[in-house]
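Asker: Submitted below is the structure of interest, expressed as structure tokens.
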Amino acid sequence: MKAILMAGGEGTRLRPITHGAPKPLAELLGKPMMGHILELLRRHGFDDVCATLRYRGGDIIRAFGDGSAWGVRLRYMLETEPLGTAGGVKNCADFIDGEDVLIISGDAACDFDLAALWRAHRASGAAVTVALRRSSEPLRYGLAVTDESGRIRSFIEKPDWPHVVTDFINTGIYVLSPRALDAIPAGRPYDFGRELFPALLASGEVLHGEVLEGYWRDIGTPLSYYRCCADALEGRLQLTPGEAFAASPETPGCPEDTGLRCDCRDRAALMGTLAELFLPLGADFSDGIGLESARFSLHIRPSAVRDAVCVDVRSPDAEFAKELSLSAKAVIDALNM
């Protein structure tokens with residue numbers, strides 16, 4: 001499958017971090033951001049990639065070469081004049097060659113399931129499928145208003161609060177059909193959100209919005225960049241670190257997960273509350289919280305990943321063990337509300 005990776009950004013606001021290097025070369029966990037995106041593309045089956053370049057494109061070509069070190073076939077399209085988001089994609093028409101194509105930025109942190117986005121596009125028959133994400137901070141982004149089937153009815157570009165009527169933000173990740181590419185004029189600047197998408201809607205084309213789970217953050221400012229770094233270190237953003245960050249992100253001292261995992265907001269506080277509940281029952285606290293009887297053994301311990309605990313019930317009666325596990329999870333969920 002083919003993908004176009006937009007990597008022409010100068011990243012003016014990020015210069016305290018990049019020191020003038022191209023924005024896609026900003027490092028995250030020891031790798032350039034564009035490298036993480038190439039790995040994401042490869043994991044989801046997009047191994048034929050064209051990168052659109054403008055600002056210091058030579059630096060990016062030297063960093064990534066033909067893409068073989070990242071598991072992809074990588075070629076480049078250098079813009080001599082700025083063509084906008086859609087215009088830059090139109091400039092890659094020979095690479096696209098009449099096929100559907102994924103569009104993604106090389107300077108945003110993301111761990112979306114891109115294969116799921118591709119499947120949704122093929123199932124919808126839409127001219128464009130837009131990856132949407134819920135956000136409590138919608139003012140910096142374009143918004144998409146969808147109906148119950150996921151069909152996009154309108155776009156709102158970077159609204160003020162009186163015009164916020166949805167929390168679905170446009171992440172700038174798209175799958176385009178050939179007919180959408182045909183609607184982009186060649187040889188001049190043209191923008192997806194401000195021009196192409198409204199024109200497609202006005203012509204009656206179907207644009208589909210697919211809400212994706214996972215992490216996505218634009219790293220356009222130093223504050224956003226540092227938040228993204230913290231999220232990656234703490235496991236909220238799933239990335240493969242570089243050699244300097246090769247240590248496991250898992251919490252030290254936790255065994256491998258067994259049993260039923262229960263997510264929680266404050267694991268230490270939750271374990272403390274559970275210890276108070278189990279103390280009068282004669283629980284053992286040498287390794288998490290343990291309780292045994294002639295009929296079962298119950299063990300609750302912190303998960304090997306952050307913000308979760310695991311409930312492990314053993315019993316000769318498998319049905320009873322399952323019921324007790326679900327009951328313990330219900331108690332934990334209630335305490336975590």
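The values are calculated or read from the model by the stated rules, or taken from the named source; none is laboratory data. Since we're looking at a predicted model, the values are computed, not measured. All Cβ positions, glycine included, derive from the backbone under ideal geometry; neighbour counts span all protein chains shown. For accessibility, only protein heavy atoms count, side chains too; no ligands or nucleic acids. Shrake-Rupley method; radii C 1.70, N 1.55, O 1.52, S 1.80 Å.
Asker: May I ask you to list the residues in region 29-74 that are closer than 21 Å to Trp216 by Cα, among the aliphatic types (A, V, I, L, M) and in contact with a Phe, Trp or Tyr (Cβ under 8 Å, 6 or more places away or on another chain)?
Answerer: Leu29, Met34, Leu38, Leu40, Ala51
Asker: Against the condition of a type in the set (A, V, I, L, M), closer than 26 Å to Lys158 by Cα, under 23 Å from the mean Cα position of the chain (by Cα) and in a helix (DSSP H, G or I), how does Leu117 come out, does it pass?
Answerer: Taking the combined requirement at face value, the residue satisfies it.
Asker: Separate question: Taking the options Val206, Val164, Val175, name whichever one is aliphatic (A, V, I, L, M) and touching a His at 6+ places or on another chain (Cβ under 7 Å).
Answerer: Val175
Asker: Mind listing just one residue for me: the one in region 131-140 that is in contact with an Asp or Glu (Cβ under 7 Å, 6 or more places away or on another chain) and within 25 Å of Asp100 (Cβ to Cβ) and, of those, surrounded by the fewest Cβ atoms within 10 Å (Cβ to Cβ)?
Answerer: Once the filter is applied, the top-ranked residue is Leu132.
For (1) over 20 Å from Arg194 (Cα atoms); (2) open to solvent by 30 Å² or more (accessible area, probe 1.4 Å), each residue gets a yes or a no:
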| position | (1), (2) |
| --- | --- |
| Leu117 | yes, no |
| Gly125 | yes, yes |
| Gly142 | no, no |
| Asp147 | yes, yes |
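Asker: While we're here: Any idea how many residues of region 278-337 are more than 17 Å from Arg267 (Cβ to Cβ) and in contact (Cβ under 8 Å) with a residue 40 or more places away in the chain?
Answerer: 3
Asker: How many of the residues in region 193-238 are under 15 Å from Phe155 (Cβ atoms) and among the β-branched types (Val, Ile, Thr)?
Answerer: The total comes to 1.
Asker: So for region 152-162 (the condition being touching a Phe, Trp or Tyr at 6+ places or on another chain (Cβ under 7 Å), assigned to a loop (DSSP other than H, G, I, E, B), of a type outside the set (A, V, I, L, M) and open to solvent by less than 30 Å² (accessible area, probe 1.4 Å)), does at least one residue qualify?
Answerer: no
Asker: Here is a check on your reading of the model: is Arg73 over 14 Å from Gly45 (Cα atoms) and touching an Asp or Glu at 6+ places or on another chain (Cβ under 9 Å)?
Answerer: So Arg73 does not fit the description; no.
Asker: Working only within region 124-148, note down all residues that are touching a His at 6+ places or on another chain (Cβ under 9 Å) and free of Cβ contacts under 8 Å to residues at least 40 places away in the same chain.
Answerer: Leu143
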